[in-house]
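Written out below as structure tokens is the structure these notes cover.
The values are calculated or read from the model by the stated rules, or taken from the named source; none is laboratory data. Owing to the predicted nature of the structure, the values given are computational and were not obtained by experimental measurement. No Cβ is skipped: glycine too gets one built from the backbone with ideal geometry, and neighbour counts run over all protein chains shown. Just the protein is used for accessible areas: all its heavy atoms, side chains included, with ligands, DNA and RNA removed. Shrake-Rupley method; radii C 1.70, N 1.55, O 1.52, S 1.80 Å.
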Amino acid sequence: MTNAREVTCRPLWKRTLWFSVGLGVAGAALAGARLAYRGRLVDVWLGIGLLLALGGVAALHQATLRTDADARGIHWRTWWRRRSVSWPDVADLRVRLRHANNSRIQNTRRVILVLRDGHKRLLPLPRSWSSEDPEFDATLDALRALHRRYGDPESSHLPVVSYRTAGAGRAGALSVCALLLAGAGVAAWFVPGAASDQQAWKSARPCAAGTAAAERRECLTTLPAVIARTEDRGPKRGGRLYFTDGRPLERLAVNQEAAQEFRTGDRVELTVWRGEVRQVAGERFVWREHVSGPGELAVVAAVLALAAGYPGALVVLRLRARRLPDDDVLPSALPFVGALVGTALWLLPLCYLHPTSLLGSPRTVTWAAAGSLTTLGLLAWAWRATRIRMPKGTDAAPGAAETAGGADGEGQEVFVSARFLEDTDYNPHGFGTHIVLGDGPPAVTPHPGPGRFAARRIPVERLTVKDVRRARGSDGDTVPRSWHIAELDDAGRPVRLAADPADLNRVLREFGAR
């Protein structure tokens, strides 16, 4: 129920949620009874009861959610907590947009309260799972109306915060970066041990007849065996070798190729080192256990460290944009991905070939120095490519835009990639992807040319430029991050035109010349 004086939000499917709570109580009782009766933790009915109990806890949380708003302020509660904020303490209302499974169709929307002290609160309700939800939009409009009546909003437009905007937060990216760096550190820590084991395996010799039992771990022991049967479990799970009479062991895990090559009744020799079978040798095939060497572990450490660079780049971009509004769209971090890929091209071979002596010879020092200079150059390019470009008006120099239909000139048509974000009579159903300029009046086209097939004339005499700004979260994900938005007045109706900054200035200059 929503109106201009009071807003109340309750969860949908409340009866279904309370029914699930009842199932959870029954599941908890079942789990307790099975545990008391059987006295063991491994039990099918115990597992079913615990699953029902966990589902009941989640349903209880959803069923008890509620948000109310009135003249005094906004109030929300969960089953364990209640909060209230007065309207004068609320600086702004925003929408948090999160895509479900990176889908641009299915997404969740929730309301963020921005307080005067800078803190933010995420309301449990209202919540929407669609980009077009009239009930959510009506509730949000009612909340904003109450805020305007009893508070003092900081902005007149509705900010939308998504993963592309400056206000998306840095905690998640920092956590992922820290986990990847920790994994890289663990892998690097095992490199010296792997190098030592590899060297010991290569230098190991067969045990002499009089070698003591305590010293046989470091030498090679050969044991005869007969294969009783083989088991091929597929390329991912590998295979197994079973030995006659379970001697010298019952079974041995091998790869799929070994399981296919060995046959029942084959006489083989097992080579044992440090208590593990490292080799199975037969007349037709020899299987050797794969042991990760120091080069492989060093490559894993380097890959994890480079992977940590991407969330690190996201953190850097958001730190650079900390003075921008929370709904401003940030540049893409792909230039930093290019720098990381370029670094991998020289770092990974170096780590694989020289895992323990990266700086142990003039050759490796030269290799590392040249690669480091290359990485610094790529990072400098990525830093420049991701700079924040602010609108500078509409006075771009002639010929600034690259065109697909031909060079700029008298009597020639120029196709500029630009889109009107609203449906209009000259852009029905958002069909336009380009604007054609030059020979004839400006027109919207669904193609980059040549020719004016399906073009619709733009009534420039009706358009007035109100503002040029950076892209915001409310402009949608179809707008590239580097584009700017021109806010136009079309005979009293607001219209947005999106394009690359240079192209946008060119189009607006052309509009003004008509």
Kindly indicate whether R10 is more than 37 Å from the chain's Cα centre (by Cα) and either among the basic types (K, R) or over 30 Å from D152 (Cα atoms) (or both).
-> no
Of the residues in the stretch 217-260, those that are basic (K, R) and without any contact (Cβ under 8 Å) to a residue 24 or more places away in the chain come to K236, R237, R240, R247, R251
Selection from the stretch 417-437 of residues that are surrounded by 14 or more Cβ atoms within 10 Å (Cβ to Cβ) and under 14 Å from V460 (Cβ atoms) | A418, F420, T424, Y426, N427, I435, V436, L437
Scanning for something in a loop (DSSP other than H, G, I, E, B), of a type in the set (F, W, Y) and surrounded by 14 or more Cβ atoms within 10 Å (Cβ to Cβ), does the stretch 142-158 turn up at least one residue?
-> no
Could you count how many residues in the stretch 357-387 are open to solvent by less than 60 Å² (accessible area, probe 1.4 Å), assigned to a helix (DSSP H, G or I) and in contact (Cβ under 8 Å) with a residue 24 or more places away in the chain?
-> 6
Single residue of the stretch 184-216 satisfying the filter (surrounded by 14 or more Cβ atoms within 10 Å (Cβ to Cβ) and among the charged types (D, E, K, R)) that is farthest from the chain's Cα centre (by Cα) | R216
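Please tell me if R170 is open to solvent by 90 Å² or more (accessible area, probe 1.4 Å) and modelled with pLDDT of 90 or more.
Spelling it out, it is not the case that R170 is open to solvent by 90 Å² or more (accessible area, probe 1.4 Å) and modelled with pLDDT of 90 or more.
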Quick one: L115 ticks every box in (1) open to solvent by 50 Å² or more (accessible area, probe 1.4 Å); (2) out of contact with any Phe, Trp or Tyr (no Cβ under 9 Å at 6 or more places or on another chain) except a single one, so which number is it?
-> (1)
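Filter the stretch 462-485 down to residues that are open to solvent by less than 40 Å² (accessible area, probe 1.4 Å) and either acidic (D, E) or within 26 Å of H99 (Cα to Cα) (or both), then give me how many there are. Explain how you work it out, then say what you get.
In the first step, residues of the stretch 462-485 are kept if they are open to solvent by less than 40 Å² (accessible area, probe 1.4 Å); the result is 463, 468-471, 473, 475-477, 479, 483-485.
Filter once more, so that each one left must be either acidic (D, E) or within 26 Å of H99 (Cα to Cα) (or both): 469-471, 473, 475-477, 479, 483-485.
Qualifying residue count, the stretch 462-485: 11.
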Enumeration of residues in the stretch 451-471 that are under 17 Å from A418 (Cβ atoms), of a type outside the set (A, V, I, L, M, F, W, C) and in contact (Cβ under 8 Å) with a residue 40 or more places away in the chain | R469, R470
Return the total of residues in the stretch 262-274 being touching a residue at least 40 places away in the same chain (Cβ under 8 Å) and either surrounded by 19 or more Cβ atoms within 10 Å (Cβ to Cβ) or touching a strand residue (DSSP E or B) at 6+ places or on another chain (Cβ under 9 Å) (or both).
-> 8
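Could you check how many residues of the stretch 418-450 are touching a residue at least 40 places away in the same chain (Cβ under 8 Å) and within 14 Å of L497 (Cβ to Cβ)? Please lay out each step first, then the result.
Initially, the stretch 418-450 is screened for residues touching a residue at least 40 places away in the same chain (Cβ under 8 Å), giving 418-422, 424, 435, 437, 441-442, 448-450.
Remaining after also requiring within 14 Å of L497 (Cβ to Cβ): 418-422, 424, 435, 437, 442.
Matching residues across the stretch 418-450 total 9.
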Please verify whether the stretch 310-318 includes one or more residues that are free of Cβ contacts under 8 Å to residues at least 40 places away in the same chain and of a type in the set (S, T, Y).
-> yes
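May I ask you to say which residue of V280, V286, V329, V291 is among the hydrophobic types (A, V, I, L, M, F, W, C), touching a strand residue (DSSP E or B) at 6+ places or on another chain (Cβ under 9 Å) and at pLDDT below 90?
Details: V280 fails: at pLDDT below 90; V286 fails: at pLDDT below 90; V329 fails: at pLDDT below 90.
The conditions single out V291.
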Only one of D68, D152 that is of a type in the set (D, E) and closer than 17 Å to V7 by Cβ = D68
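Please state which one of A259, A301, A305 is open to solvent by less than 40 Å² (accessible area, probe 1.4 Å), out of contact with any Cys (no Cβ under 6 Å at 6 or more places or on another chain) and at pLDDT 90 or above. Please lay out each step first, then the result.
Details: A259 fails: at pLDDT 90 or above; A305 fails: open to solvent by less than 40 Å² (accessible area, probe 1.4 Å).
One residue alone meets the criteria, A301.
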Go through the residues of the stretch 84-97 one by one and say whether even a single one is modelled with pLDDT under 90 and loosely packed, with under 15 Cβ neighbours inside 10 Å.
-> no
Residues of the stretch 21-43 being within 36 Å of the chain's Cα centre (by Cα) and open to solvent by 40 Å² or more (accessible area, probe 1.4 Å), which ones?
-> L23
